[in-house]
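Here's the structure, in structure tokens; my notes come after.
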Amino acid sequence: MEEDPNQLRILPNPAPEGRSKLLEKLLGTHLAEAVYLLNYLHRSLKVPGDICEFGIAQGATSALLANEIRETDKLLWLFDSFEGLPKPSDKDTLIHDIFGLGAMEKYQGTMAYGVNEVLDRLRAISYPLSRVKIVPGFIENTVSLGDLPETVCFAYVDFDFYQPILITLNYLDEHLSKGGSIVVDDYGYFSSGAKAAVDEFVSAHPSRYDFVLPDESAGHFSILSKIA
């Protein structure tokens, strides 16, 4: 199903102080995608649960999300290996060679950033770090840890490859509140694995999620909203 793009072209109001500057500082996330991201975030804030971001890179999107939930009591959970991308699986075919490396396997270890860069972005907006939970490590290892959110209302998944995305979606299926949403980046872009994981997950839960693709001009991502 496709969302009416005209319903999601306006940023949610009221706008928190600093939103425009944080939007300008986004890296790898187009403004149109950020509009969708913020709309679905605000739709989800009315249901129980915390906010999660899986694959945080430099933390630019993390700061944007943090600023939007500042006046709530929700925690921000940030998951990242901090070692770059994992080894791709056989379901990860290179679609768009974004770094010009020539082969999918050469992307292993790229996009690695340190946790301090993320923390510095949160400190720059004076966000209370007591409301931030950083979970370092590859998701196949960290998803079984005990100190994870019991309930989630919104998640942004930007893990690029098939296996980590599917693992994340299966985890979220057990913890996402009804009425909550998941935005999965790079659907049909960079690696074929993102689309493969989302499509497999949706097929396995045919009546549990409302599956939405944005207007083509907005970028390459998908939205899953839990309806049952």
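The values are calculated or read from the model by the stated rules, or taken from the named source; none is laboratory data. Given the structure is predicted, the values throughout are model-derived calculations rather than measurements. Cβ atoms come from the backbone with ideal geometry, glycine included; neighbour counts cover every protein chain shown.
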- Message: For the structure I just gave you, tell me whether Ile139 is touching a residue at least 60 places away in the same chain (Cβ under 8 Å), of a type in the set (Val, Ile, Thr) and over 29 Å from Leu75 (Cα atoms).
- Response: no
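Restrict the check to segment 111-128 and report whether at least one residue is in a loop (DSSP other than H, G, I, E, B), free of Cβ contacts under 8 Å to residues at least 24 places away in the same chain, out of contact with any Ser or Thr (no Cβ under 7 Å at 6 or more places or on another chain) and under 19 Å from Glu71 (Cβ atoms).
Residues of segment 111-128 in a loop (DSSP other than H, G, I, E, B): 111-114, 125-128.
From what is left, the residues that are free of Cβ contacts under 8 Å to residues at least 24 places away in the same chain are 126, 128.
From what is left, the residues that are out of contact with any Ser or Thr (no Cβ under 7 Å at 6 or more places or on another chain) are 126, 128.
From what is left, the residues that are under 19 Å from Glu71 (Cβ atoms) are 126, 128.
Yes, segment 111-128 contains at least one residue that is in a loop (DSSP other than H, G, I, E, B), free of Cβ contacts under 8 Å to residues at least 24 places away in the same chain, out of contact with any Ser or Thr (no Cβ under 7 Å at 6 or more places or on another chain) and under 19 Å from Glu71 (Cβ atoms).
On the given criteria, is Val47 over 19 Å from Tyr187 (Cβ atoms) and either crowded, with 17+ Cβ neighbours inside 10 Å or modelled with pLDDT under 95 (or both)?
Numbers: over 19 Å from Tyr187 (Cβ atoms): yes; either crowded, with 17+ Cβ neighbours inside 10 Å or modelled with pLDDT under 95 (or both): yes.
Yes; evaluated as a whole, the condition is true for this residue.
Filter segment 189-228 down to the residues that are part of a loop (DSSP other than H, G, I, E, B) and surrounded by 18 or more Cβ atoms within 10 Å (Cβ to Cβ) and list them by number. Break it down stepwise before answering.
Filtering segment 189-228 for residues part of a loop (DSSP other than H, G, I, E, B) gives 189-190, 205-208, 214-215, 219-220, 227-228.
If the condition is that a residue be part of a loop (DSSP other than H, G, I, E, B) and surrounded by 18 or more Cβ atoms within 10 Å (Cβ to Cβ), then Phe190, Pro214, Gly219, His220 are the ones that fit.
A quick yes/no check of all residues on (1) surrounded by 21 or more Cβ atoms within 10 Å (Cβ to Cβ); (2) aromatic (Phe, Trp, Tyr); (3) not in a strand (DSSP E or B):
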| site | (1), (2), (3) |
| --- | --- |
| Ser130 | no, no, yes |
| Val135 | no, no, no |
| Leu169 | yes, no, yes |
| Ser177 | no, no, no |
| Val183 | yes, no, no |
- Item | Filter result (among the small types (Gly, Ala, Ser), within 21 Å of Thr29 (Cα to Cα) and in contact (Cβ under 8 Å) with a residue 24 or more places away in the chain) within segment 86-110 | Gly109
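Give segment 107-128 a look and list any residue that's closer than 23 Å to Arg19 by Cα, buried (at least 17 other Cβ atoms within 10 Å of the Cβ) and not hydrophobic (A, V, I, L, M, F, W, C), or say none. Lay out the reasoning, then the answer.
Quick first cut of segment 107-128, residues closer than 23 Å to Arg19 by Cα only: 115-128.
Among the residues that remain, those that are also buried (at least 17 other Cβ atoms within 10 Å of the Cβ) are: 118-119, 121-122, 127.
Listed by number, the residues that qualify are Arg121, Tyr127.
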- Determine if segment 7-20 includes at least one residue that is modelled with pLDDT of 95 or more, within 19 Å of the chain's Cα centre (by Cα) and surrounded by 14 or more Cβ atoms within 10 Å (Cβ to Cβ). yes
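If the requirement is being more than 22 Å from Tyr171 (Cα to Cα), at pLDDT below 95 and among the small types (Gly, Ala, Ser), which of these qualifies: Ala32, Ala60, Ala103? Spell out how you get there, then give the answer.
On the way: Ala60 fails: at pLDDT below 95; Ala103 fails: at pLDDT below 95.
None of the others qualify; the one that does is Ala32.
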- Item | Checklist (1) under 30 Å from Asp210 (Cβ atoms); (2) modelled with pLDDT of 95 or more applied to Leu129, failing item | (1)
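Report the residue count in segment 170-223 for those that are of a type in the set (Phe, Trp, Tyr) and farther than 15 Å from Gly55 by Cβ. Walk me through it before giving the result.
Taking segment 170-223 and keeping what is of a type in the set (Phe, Trp, Tyr), we get 171, 187, 189-190, 201, 209, 211, 221.
Then drop every residue that is not farther than 15 Å from Gly55 by Cβ, which leaves 201, 209, 211.
Counting residues in segment 170-223 that are of a type in the set (Phe, Trp, Tyr) and farther than 15 Å from Gly55 by Cβ gives 3.
Listed residues Leu26, Leu65; which is over 16 Å from Leu172 (Cβ atoms), under 19 Å from the mean Cα position of the chain (by Cα) and not small (Gly, Ala, Ser)? Quick ask: steps written out before the conclusion?
Working: Leu65 fails: over 16 Å from Leu172 (Cβ atoms).
Within the list Leu26, Leu65, the selection yields Leu26.
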